[in-house]
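No value in this document is a laboratory result; all are computed from the given coordinates. Since this is a predicted model, take the numbers as computed values, not measurements. We place every Cβ from the backbone using ideal geometry, glycine too, and count neighbours over all the protein chains shown.
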Amino acid sequence: MPAIRADHASKTYRVRRERSRTLKEWALRQYAPPITVEALKDVSFTVEAGETFGIVGANGSGKSTLLKLMAGTSKPTSGTVDVEGRVSALLELGAGFHPDFTGRENVYLNASLLGLSRKQTERVLPDIIAFAELGDFFDAAVKTYSSGMYTRLAFSVAAFVDPDVLLIDEILAVGDEYFQRKCYAKLNEFRAKRKTICFVSHDLAAVERLCQRGLLLDHGTVRAEGDIHRVLEAYHELIDAQEERRIAAEGPKGDRWGSGEVRIDEVTLHSGEEATHIVRSGAPFEIRLAYSAAEERDCVFGVLIYRDDGVSVFGTNTKIDAMPVWARRSGRVSFCVDALPLLPGKYELDVAASSPELHAYDYHSKRYSFRVVGEAGEMGTARLAHRWEAS
């Protein structure tokens with residue numbers, strides 16, 4: 001039997017209008033229709049008992065709302081969300097804590113809400129204290145806690161009340177690296193015990209590492225569901241498409257100068273035959289320049305690639321590469337890379353047409369940008385061809 005089942009669940013919120021400043025505004029707003037926001041739309045999925053399930057999506061996609069429905073702190077407007085067993089939820093920071101109570105008092109409060117008796121809570125209290133490592137602050141009011149201390153207390157309570165289902169909403173991103181490692185180690189213990197975990201995070205590497213299955217939410221709608229690798233691939237495709245539209249909408253920027261004997265009329269970036277602003281690391285990459293000339297002449301074409309922080313990554317031109325170009329009245333020149341070695345990140349581009357003496361006919365400075373995507377395992381800017389040897 002599934003531990004969690006969502007069946008055509010939708011959630012709609014009414015948004016409060018701004019307060020009227022005049023009597024006329026107040027009168028007009030009495031006839032205005034209410035503003036509603038569809039946070040979730042017809043969401044259906046199941047999570048099997050003992051499964052670690054990842055939920056991914058951009059901010060505002062409905063991830064937190066979905067976890068609230070699972071936790072029972074909110075009800076669906078239509079459809080159902082059913083969860084079997086004791087649920088422990090790490091939702092927004094500070095949720096479930098009374099700010100005037102001490103850490104100790106909040107442990108008893110949270111445990112009682114989860115159905116634990118005082119005696120049961122006292123049995124796990126030493127483990128909670130040891131895991132949280134709050135020292136004297138454990139007996140201080142939680143309103144004096146930093147966000148990291150809130151996280152320590154919240155995770156410690158959630159982990160040691162022996163839940164059947166653990167819901168985690170991005171809260172681990174607040175903690176320091178030492179505590180994050182402790183949390184992930186504890187989550188691995190939960191997985192070994194076949195506890196059910198629903199994990200929301202923007203740390204896609206952690207999602208891929210911990211989860212077997214998952215779903216992708218986009219504006220409240222399920223865009224992909226199933227094997228976590230396929231879900232994350234769909235998420236990357238969604239992000240890439242959004243980034244492509246954004247960069248294309250920006251259009252050329254930066255500076256342009258030159259004497260104009262040869263003009264670069266169009267610059268397009270390609271990976272394969274498709275024009276794109278998103279290139280996968282290791283894929284083919286091409287910068288195509290369309291030019292026009294007042295009269296035919298020798299011309300040098302060049303490119304210079306920068307990181308988005310302004311550090312130059314690579315530059316060359318047809319003179320350096322001993323490829324003379326006789327510019328006709330119009331034509332095209334392409335800079336081609338069989339397998340782009342750049343690591344993921346945003347890059348900017350200069351292109352130029354100049355005389356053999358490198359007098360600028362037409363120089364476009366940082367007028368174009370593109371993003372490299374892919375696995376971010378290596379460090380730095382470029383992937384070097386290499387091998388390891390050991391003896």
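A few points about this structure:
- The chain: most fluctuating residue of R371, R213, R328 per GNM, C-alpha cutoff 10 Å: R328
- Length gained when the stretch A140-A275 is fully extended (0.36 nm per residue, less Cα-Cα span): 42.7 nm
- For the chain, the residue among A241, V262, A294 whose Cα projects farthest onto the positive side of the dipole built from Cβ charges is A241.
- With Cα atoms as the point set, the radius of gyration and Dmax of the stretch 75-188 evaluate to 14.0, 46 Å.
- Recomputing percent of Cα pairs over 39 Å apart from the coordinates shown identifies the correct label among (i) 25; (ii) 41; (iii) 45 as (ii).
- Against the chain, whose longest principal axis comes from its Cα atoms, helix 103-113 is set at around 80 degrees.
- The calculated FRET efficiency for T268 paired with S355, based on their beta-carbon distance and R0 = 22 Å, is about 0.35.
- Close amide H partners of L343, meaning residues 5 or more places away or on another chain with modelled amide H under 5 Å apart, are A382, R383.
- Across the stretch 201-209, rounded Karplus estimates of 3J(HN,Hα) from the backbone phi angles (6.51 cos²θ - 1.76 cosθ + 1.60, θ = phi - 60°) give 7, 8, 7, 5, 5, 5, 4, 5, 6 Hz, Gly and Pro being marked x.
- For L134, no residue whose modelled amide H falls within less than 5 Å of its own remains once neighbours fewer than 5 places apart on the same chain are excluded.
- GNM flexibility winner over the chain from Y363, Y145, Y13 (Cα, springs under 10 Å): Y13
- Helix-only arithmetic for the chain: the sum of -39500 (n - 2.57) across DSSP H runs with n ≥ 4, divided by the residue total, places the mean residue ellipticity at 222 nm at -8000 deg cm²/dmol.
- Dipole magnitude of the stretch 56-156, debye to nearest 20 (Cβ charges: Lys/Arg +1, Asp/Glu -1, about Cα centre): 240
- Note on the stretch 59-99: semi-axes of the ellipsoid equivalent to its C-alpha gyration tensor, largest first and rounded to whole Å, are 18, 15, 9.
- Taking a straight line from the alpha carbon of K366, these lysines sit under 19 Å away, with near neighbours fewer than eight places off in the same chain left out: K253, K346.
- Residues whose amide H falls under 5 Å from that of Y368, counting only those 5 or more places apart or on a different chain, are K253, L349, with hydrogens built in the peptide plane.
- For the Cα trace of the stretch 253-373, dividing Rg by the Kirkwood Rh returns an Rg/Rh value of 0.96.
- Whole-Hz couplings from phi, Karplus 6.51/-1.76/1.60, listed for the stretch 264-275; x for Gly and Pro: 8, 8, 8, 10, 10, 10, 9, 10, x, 8, 7, 6
- Estimated vicinal HN-Hα couplings, Hz - the stretch 360-371 in sequence order (Karplus 6.51, -1.76, 1.60; Gly, Pro = x): 6, 7, 7, 10, 10, 9, 6, 8, 10, 9, 8, 10
- Given 10 as the ceiling on other Cβ atoms within 10 Å, longest exposed-site-free region of the chain for GluC sites (Glu not before Pro) in DSSP loops: 19-272
- Given R0 = 56 Å, the distance between the Cβ atoms of T46 and T316 translates into a calculated FRET efficiency of 0.55.
- Among G57, G331, G148, the largest mean-square fluctuation in a Gaussian network model of the chain (Cα springs under 10 Å) belongs to G331.
- Folded to 0 to 90 degrees: helix 118-132 orientation relative to the chain principal axis, Cα: 30
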